[in-house]
Amino acid sequence: ARSYTIAVLPGDGIGLEVMPPALRCIEAAAKGFGFKFEFRHYEWASCTYYHKHGTMLPPDWKQLLQACDAIYFGAVGDPATVPDHISLWGSLLLFRREFDQFINLRPCRLIPGVISPLANRDGKKIDFVTVRENTEGEYSSIGGRIFEGTERETVIQNTVFTRVGVDRVVRYAFELARSRPAKKLTSATKSNGISITMPYWDERVEAISKEYPDVKVDKYHIDILCAHFVQRPRIFDVVVGSNLFGDILSDLGPACTGTIGIAPSANLNPTAKRGEPGKEWMPSLFEPVHGSAPDIAGKGIANPIGMIWAGQMMLEHLGETKAAEVMMKAIENVLKNAKDAQLQGEKDLLTPDMHGNGTTEGLGRAIEEEIGRLVGI
Ligand code: NAD
Ligand code: IPM
Ligand code: MN
């Protein structure tokens with residue numbers, strides 16, 4: 001039988017709570033379609049590990065991850081005890097760079113059963129994908145402090161856009177747009193104020209658009225783009241943005257459709273092929289968009305759907321398309337039924353971020369069982 005080796009890194013906070021139900025869901029999907037997982041569980045890439053060892057990762061972390069087909073990642077961060085830039089640059093951001101995961105794919109959908117805070121919803125669907133540049137841009141390590149401790153204290157951090165880096169994410173976004181019915185790409189820019197890097201971004205989008213005459217292209221400055229996310233979310237299909245703009249938009253989008261608790265994310269190296277001779281294997285990483293949520297950690301009320309949906313994206317990436325379809329259907333069915341049940345005063349499965357009083361465990365089980373039901377086991 002087909003078998004996939006998965007590095008399981010739950011991390012910190014609610015990462016530890018949403019991972020177990022998500023593993024059960026992808027196992028249920030695998031069972032239905034005749035494949036298997038070998039999970040390799042690691043407690044590193046967490047602040048707990050950092051407290052014990054003084055580092056976020058063991059020395060052989062790279063080999064351990066490269067021995068796997070994909071990485072399934074919860075969330076990292078315990079800002080009360082470890083500065084975020086230490087824990088994140090020591091784990092997630094390092095993985096994205098070292099494995100050249102230059103695409104961060106973050107779908108956003110209005111799913112029946114999840115209440116959106118947007119007013120005047122007219123029943124038309126919201127369904128777009130943010131394609132976030134994931135290895136350069138505003139997230140650079142170039143810069144520093146000078147004249148520290150003096151009145152002239154100055155801090156500089158450079159933004160880096162390379163031709164290769166911009167072109168590959170923009171081209172990926174065009175390809176994705178071409179594959180979708182609306183065939184539309186929106187570029188997030190700020191070339192009115194950020195006068196060197198952003199005009200360059202616009203130039204590359206414009207140049208590459210010539211290769212895709214069948215795709216409609218538009219661009220908005222990031223400020224008004226945020227406003228349009230709230231007021232006209234239906235006009236979007238594929239939205240491409242730099243590392244920072246993509247980060248912001250991918251929390252804003254899911255907040256507009258209901259909650260960041262359901263938002264998934266695929267950090268992809270789309271060109272890597274396992275076992276390619278002479279080339280280092282660079283696994284992709286799948287994670288929820290949200291973080292470790294210290295404010296609700298330990299309460300058992302985190303929404304597990306972001307983690308489960310990220311697992312669905314992992315199955316898709318592994319080529320298990322049918323299993324991925326079933327997982328998505330199960331998520332949709334459970335959300336819809338849960339809302340109906342809630343309205344009828346029956347057992348409430350929806351977690352508090354979806355205006356219910358359900359639990360991580362309860363909602364996770366319901367999705368796991370629905371997957372089982374759909375695949376007939
Ligand atoms: P966060 O995403 O952890 O939480 C933001 C808010 O959303 C909180 O109120 C939280 O309770 C809520 N929330 C998040 N996920 C939820 C879920 N699944 N169900 C219900 N509610 C949920 O963002 P933050 O508070 O800015 O960051 C907390 C820590 O996580 C920091 O250390 C940060 O650096 C880190 N972080 C890590 C990742 C990651 O590992 N990928 C992503 C974002 C933030
Ligand atoms: C995300 C997160 C990370 C990012 C943080 C935790 C460094 O917000 O994955 O969206 O900014 O990329
Ligand atoms: Mn983010």
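Check the stretch 337-349 and report whether any residue there is more than 23 Å from the chain's Cα centre (by Cα), part of a loop (DSSP other than H, G, I, E, B), modelled with pLDDT of 95 or more and crowded, with 21+ Cβ neighbours inside 10 Å. There is at least one residue in the stretch 337-349 that is more than 23 Å from the chain's Cα centre (by Cα), part of a loop (DSSP other than H, G, I, E, B), modelled with pLDDT of 95 or more and crowded, with 21+ Cβ neighbours inside 10 Å.
Of the residues making up the stretch 234-290, those that are at positive phi and either basic (K, R) or without any contact (Cβ under 8 Å) to a residue 12 or more places away in the chain (or both) number 2. Output the residue which, of all residues in the stretch 90-107 that are assigned to a helix (DSSP H, G or I) and in contact with a Ser or Thr (Cβ under 8 Å, 6 or more places away or on another chain), is farthest from ligand 3 (Cβ to nearest atom). That would be R97. Scanning the stretch 34-58 for residues that are in contact with a Lys or Arg (Cβ under 8 Å, 6 or more places away or on another chain) and either crowded, with 16+ Cβ neighbours inside 10 Å or assigned to a strand (DSSP E or B) (or both) yields a total of 2.
So which residues in the stretch 312-336 are of a type in the set (G, A, S) and either surrounded by fewer than 21 Cβ atoms within 10 Å (Cβ to Cβ) or not in a helix (DSSP H, G or I) (or both)?
Within the stretch 312-336, just G319 meets the criteria.
Only a single criterion out of (1) more than 20 Å from G137 (Cβ to Cβ); (2) crowded, with 17+ Cβ neighbours inside 10 Å; (3) within 16 Å of ligand 2 (Cβ to nearest atom) is not satisfied by V239, namely (1). Taking the condition away from ligand 1 (no atom under 13 Å from the Cβ) and either in a helix (DSSP H, G or I) or over 19 Å from the mean Cα position of the chain (by Cα) (or both), does A80 pass? Taking the combined requirement at face value, the residue does not satisfy it. Within the stretch 190-202, at least one residue is more than 27 Å from E98 (Cβ to Cβ), without any contact (Cβ under 8 Å) to a residue 24 or more places away in the chain and of a type in the set (D, E, K, R). Put simply, of V76, V129 the only residue that is among the β-branched types (V, I, T), buried (at least 16 other Cβ atoms within 10 Å of the Cβ), within 16 Å of ligand 3 (Cβ to nearest atom) and under 30 Å from Q342 (Cα atoms) is V129. Residues in the stretch 141-151 include at least one that is within 16 Å of ligand 2 (Cβ to nearest atom) and out of contact with any strand residue (DSSP E or B) (no Cβ under 7 Å at 6 or more places or on another chain).
Of the set (1) at pLDDT 95 or above; (2) farther than 11 Å from F128 by Cβ; (3) away from ligand 3 (no atom under 16 Å from the Cβ), all apply to G246 but (3). Residue count for the stretch 288-307 satisfying the condition of being assigned to a strand (DSSP E or B) and either of a type in the set (S, T, Y) or near ligand 1 (Cβ under 6 Å from one of its atoms) (or both): 0.
Pairs needed: first member in the stretch 79-90, modelled with pLDDT of 95 or more; second member anywhere, more than 10 Å from ligand 1 (Cβ to nearest atom); C-beta distance under 6 Å; at least 6 residues apart or different chains. As it stands, the answer is V82/Y50; G90/M56, since those pairs meet every condition given. When restricted to residues that are out of contact with any Pro (no Cβ under 9 Å at 6 or more places or on another chain) and in a helix (DSSP H, G or I), the stretch 138-172 contains 8. Screening L64 on (1) modelled with pLDDT under 95; (2) farther than 30 Å from D167 by Cβ shows it passes everything except condition (1). On the stretch given as the stretch 270-301, residues that are away from ligand 2 (no atom under 16 Å from the Cβ) and either buried (at least 22 other Cβ atoms within 10 Å of the Cβ) or not hydroxyl-bearing (S, T, Y) (or both) total 18. Filter the stretch 253-268 for residues that are closer than 20 Å to V334 by Cα and within 11 Å of ligand 3 (Cβ to nearest atom) and give the result. Across the stretch 253-268, the qualifying residues are P254, I260, A263. Within the stretch 30-46, residues that are within 24 Å of M328 (Cβ to Cβ) reach partners that are modelled with pLDDT of 95 or more and assigned to a loop (DSSP other than H, G, I, E, B) with beta carbons closer than 8 Å, at six or more positions or on different chains, in the pairs A30/E320; F33/E320; F35/E320.
The values are calculated or read from the model by the stated rules, or taken from the named source; none is laboratory data. What you see is a predicted model; the values in this text were computed from it and never measured. All Cβ positions, glycine included, derive from the backbone under ideal geometry; neighbour counts span all protein chains shown.
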